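> Before I ask anything, here is the structure I am working with.
What follows draws every value from the coordinates through simple rules; no lab data is involved. Nothing here was measured: the structure is a model prediction, and the numbers come from that model. In this analysis, Cβ positions are derived from the backbone assuming ideal geometry, glycine residues included, and neighbour counts consider all displayed protein chains.
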Amino acid sequence: MTYSDKVKQSKNVLEAIHGLKDEESIEVTYGKDTNKVYSIKAYRGYKDEISYSIWSSFSGMNIDKVGKTTMRGYTYDMMSQRTTYTFNLYDFNLIK
């Protein structure tokens, strides 16, 4: 898949994420597992800027960066170890 194809496939999800206002969320599935639903939530962060997080049923990650085709998440465990993951936006499916 070319980069321009990835950008085109990511467009709907990217617009949905950037369209979120404070305390709003969207439901998505990721990858081939369409049974597991994730929630992308928007909230007011530092200096009243909108920040994002992604949650499964009981755990979540803060979103560090949202690009044209990817979204980078991070979390810290009890020992202050940082874990990161890069989500491909074109692998998300919006649930309506």
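Yes/no per residue for (1) in contact with a helix residue (DSSP H, G or I) (Cβ under 9 Å, 6 or more places away or on another chain); (2) among the charged types (D, E, K, R); (3) under 16 Å from K65 (Cβ atoms):
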{"residue": "M1", "(1), (2), (3)": "yes, no, no"}
{"residue": "E15", "(1), (2), (3)": "no, yes, no"}
{"residue": "H18", "(1), (2), (3)": "no, no, yes"}
{"residue": "T34", "(1), (2), (3)": "no, no, no"}
{"residue": "I40", "(1), (2), (3)": "yes, no, yes"}
{"residue": "G45", "(1), (2), (3)": "no, no, yes"}
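> On to the next question. Taking into account only those residues within segment 50-80 that are under 28 Å from T2 (Cβ atoms) and among the hydroxyl-bearing types (S, T, Y), which is surrounded by the fewest Cβ atoms within 10 Å (Cβ to Cβ)?
Taking the candidates together, the pick is T70.
> For residues that are over 14 Å from G31 (Cβ atoms) and either part of a strand (DSSP E or B) or in contact with a strand residue (DSSP E or B) (Cβ under 7 Å, 6 or more places away or on another chain) (or both), tally how many sit in segment 78-93. It would help to see each step written out before you state the result.
Just the residues of segment 78-93 that are over 14 Å from G31 (Cβ atoms), to begin with: 78-84.
Okay, now just the ones that are also either part of a strand (DSSP E or B) or in contact with a strand residue (DSSP E or B) (Cβ under 7 Å, 6 or more places away or on another chain) (or both), so 82-84.
Qualifying residue count, segment 78-93: 3.
> Considering only segment 1-73, give the strands (runs of 3 or more DSSP E) lying wholly within it that have at least 3 residues that are in contact with a Ser or Thr (Cβ under 6 Å, 6 or more places away or on another chain).
Once the strands (runs of 3 or more DSSP E) in segment 1-73 are filtered for at least 3 residues that are in contact with a Ser or Thr (Cβ under 6 Å, 6 or more places away or on another chain), what remains is 33-44, 60-66.
> Just to be sure before I move on: is K6 within 11 Å of the chain's Cα centre (by Cα) and either surrounded by 12 or more Cβ atoms within 10 Å (Cβ to Cβ) or at negative phi (or both) in the structure I sent?
Answer is no for this residue.
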